[in-house]
Amino acid sequence: MDSEVRCSRCDQTSQNVLDYKCCKCGHPLEVQVGQDFEVKRIFTKIWSIGRYLKFFPYMKDFDKTTLGEGWTPTVKLKDHVYFKLESLNPTGSFKDRGSAALVSAVRTRIKEAGGYLSEDSSGNAGASMAAYAARAGLAAKIYVPETVSGPKLSQIKSYGATVVKVAGSRQKVTEGAQKPEPGKFYVGHILHPLYRDGIRSLAYEIAEQFEWDPPENVYLPVSAGTLILGVISGFEHLAKSNVIERVPKIVACQTEQVSPLYHRFKNLIYSPPEKVTSIADALVSVNPPLLDIMVEDLRRVKGDAVTVKDPETLKAWHELGKKGFFVEPSSAVAYAAYKQHVADEKNAAREKTMIILTGMGLKTSLEPTR
Ligand SMILES: [Zn+2]
């Protein structure tokens, strides 16, 4: 079999591309790639995630859903430090990899049923899902908290999605999106296994852009976990297929306020704030449903987790701007974490390091202060 969707806890497999949790025990599902990665099977003339289509057999309607996501630039900052400009994806964030994978898999089913997509996100994922629904010719309802405004909400609307504002907690927004209604197909980006599986393509790209000798370290911001889980899965697939020698050291970067992974990984107790006020406003998952899987995966690949204080993030954000990289503050968390590490450990500056800049600066409402 080319690949299989299976429960992360029990042995149950899923044959339905629309499943987002195990039908037996309710735990999250994950994709198991059933074939080795082979460099010769890359479509080298396709400059998007489509070049790896052989390793995503479920992306049946890719031609009808792609917006050209992926194959984003790797830019050398200095000596051994590189940025991956995920901010240059079609809707301005890495989420497009997940949306492209998921929507291309479910498009026909939803179209034939005359249904529409339902998603809960007021941020990059909501905007991305709205864009891919539009491209695929599907209607979308994006559930957001009542209080949301700003550039990301405008972006969601501009793709023609219906915005449904929900009063109350973030959990209420998810419940609204999941509530069964005629024609509704919930494809929430946090839970759906195909969504985070699309992010596997990012690891392939990093490895290929370094001629299959990827950097020793990869720094990335972590919230709900789609990015880190997708990246680990991709590198592990390459390593198991003997295409790369080892999985790079994955460093999970979180804000001090929103750091459930850091705390669990270090065996510390985490008390979430009553209200998240960090400038890194895309990193808000204080209680991510995939936390157990994140800890397990990060330990298995011998990664690390760090936290960054807001003033350091702000400093890093300004510094990135001054170097020509206008990103959203949440992306600056990874750069701030890297700088912290180099300041603590001089040897770190000599290690080849990739920092993933996840989202575009035009979406932030934060004003530069200097
Ligand atoms: Zn199960």
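The values are calculated or read from the model by the stated rules, or taken from the named source; none is laboratory data. Computed from a prediction, not measured in an experiment: that's the story for all the values here. Ideal geometry is used to build each Cβ from the backbone, glycine not excepted, and the neighbour counts take in all protein chains shown.
Does the stretch 20-31 contain at least one residue that is among the charged types (D, E, K, R), in contact with a Leu (Cβ under 7 Å, 6 or more places away or on another chain) and within 16 Å of the ligand (Cβ to nearest atom)? Yes, the stretch 20-31 has at least one match.
Looking at the stretch 138-170 only, could you name the residues that are part of a loop (DSSP other than H, G, I, E, B) and of a type in the set (Ser, Thr, Tyr)?
First pass over the stretch 138-170, keeping only residues part of a loop (DSSP other than H, G, I, E, B): 138, 146-150, 159-161, 167-169.
Once the filter is applied, which keeps residues that are part of a loop (DSSP other than H, G, I, E, B) and of a type in the set (Ser, Thr, Tyr), the stretch 138-170 yields 147, 149, 159, 169.
Scanning the stretch 20-48 for residues that are farther than 21 Å from residue 204 by Cβ and touching a helix residue (DSSP H, G or I) at 6+ places or on another chain (Cβ under 8 Å) turns up 20, 28, 29.
Which one is surrounded by the fewest Cβ atoms within 10 Å (Cβ to Cβ) among residues in the stretch 51-83 that are closer than 22 Å to residue 125 by Cα and of a type in the set (D, E, K, R)? So the residue we want is 63.
The residue pairs whose first member lies in the stretch 210-233 and is modelled with pLDDT of 95 or more, whose second member is among the basic types (Lys, Arg) and surrounded by fewer than 24 Cβ atoms within 10 Å (Cβ to Cβ), and whose beta carbons are closer than 7 Å, counting only pairs six or more residues apart or on different chains, are 215/352; 216/249; 216/352; 217/249.
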